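Structure first, commentary second.
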Amino acid sequence: MPSVPHAELASTLDAHTPRDGTETADLERTRALLTTPDPWDRTTPLHATASALIVHVPTRRVLMRWHPRLRAWLQVGGHADPGETDPIQVALREAREESGLDDVRPWPDQRLLHVVVVDVPANDREPAHEHADLRFALTCDSPDRARPEHSEAHLRWLTVPEAQELSGEDNVVETLDRLNQLLVTNG
């Protein structure tokens, strides 16, 4: 039996139900990447990325990271490395790298939390482009072991309302709201 191109990405997207018209449109744009040779190819104007909100469930605090390039407090995450094809694995690797936490794991399961197409401004290395960001929820047992990957990538553990206020990005506020709903039903 022939393999399905981009099987991990396809199954992740197929299992997700968008919550509104904006997410429906973003999901369809992301699904269109399944017809390309490499949905994760960062040289294309729109490509897949994976990110996550890390929550310490007992304290109901979420980890936010300062992204110097975007000058914003956001979730951890980023681009797939060569050969990576599974969105949850990309999110887990990025979370470990950007937080220093080696015990992160999907929470409450591996399902996709939010699909968002976000604009990324140009800089001296690349033109403006878009990320089809696949967002997950992760947890950890040792929040005190969080360490930034470099001196400009500050980390802060915050309540969900504090994180929403600090970020101010509408799409991040929505992702945080979805995380909060999971905390209410699973925490």
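The values are calculated or read from the model by the stated rules, or taken from the named source; none is laboratory data. Note that this is a predicted model, so its numbers are computed, not measured. A quick note on method: Cβ atoms are made from the backbone with ideal geometry, for glycine too, and the neighbour counts reach across all protein chains shown. What goes into the accessible areas is simple: the full protein's heavy atoms, side chains included, and nothing from ligands, DNA or RNA. Shrake-Rupley method; radii C 1.70, N 1.55, O 1.52, S 1.80 Å.
Worth pointing out:
- Taken as a whole, the condition of being out of contact with any Asp or Glu (no Cβ under 8 Å at 6 or more places or on another chain), modelled with pLDDT of 95 or more and in a loop (DSSP other than H, G, I, E, B) applies to Leu101.
- So Thr44, is it touching a residue at least 24 places away in the same chain (Cβ under 8 Å), of a type in the set (S, T, N, Q), in contact with a His (Cβ under 7 Å, 6 or more places away or on another chain) and surrounded by 14 or more Cβ atoms within 10 Å (Cβ to Cβ): no
- Taking region 157-187 as the range and being open to solvent by less than 20 Å² (accessible area, probe 1.4 Å) and in contact with a Leu (Cβ under 8 Å, 6 or more places away or on another chain) as the test, the residues that pass are Leu158, Val160, Ala163, Ser167, Val172, Thr175, Leu176, Arg178, Leu179.
- Some residue of region 120-134 being closer than 15 Å to Val57 by Cβ and surrounded by 13 or more Cβ atoms within 10 Å (Cβ to Cβ): no
- The one condition in (1) free of Cβ contacts under 8 Å to residues at least 60 places away in the same chain; (2) farther than 22 Å from Thr17 by Cβ; (3) among the polar types (S, T, N, Q) that Asn171 fails to fulfil: (2)
- Qualifying residue in region 25-35 (condition: part of a loop (DSSP other than H, G, I, E, B) and either among the hydroxyl-bearing types (Ser, Thr, Tyr) or at pLDDT below 95 (or both)): no
- In region 50-63, the residues that are of a type in the set (Ser, Thr, Tyr) and buried (at least 24 other Cβ atoms within 10 Å of the Cβ): Ser51
- Qualifying positions in region 64-98 - open to solvent by 30 Å² or more (accessible area, probe 1.4 Å) and either in a helix (DSSP H, G or I) or touching a Gly at 6+ places or on another chain (Cβ under 7 Å) (or both): Gln89, Arg93, Arg96, Glu97
Residue-by-condition table, conditions (1) aliphatic (A, V, I, L, M); (2) over 18 Å from Arg71 (Cβ atoms):
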{"site": "Ala95", "(1), (2)": "yes, yes"}
{"site": "Glu98", "(1), (2)": "no, no"}
{"site": "Arg105", "(1), (2)": "no, yes"}
{"site": "Asp133", "(1), (2)": "no, no"}
{"site": "Cys140", "(1), (2)": "no, yes"}
{"site": "Trp157", "(1), (2)": "no, yes"}
{"site": "Glu165", "(1), (2)": "no, no"}
{"site": "Asp170", "(1), (2)": "no, no"}
{"site": "Arg178", "(1), (2)": "no, yes"}
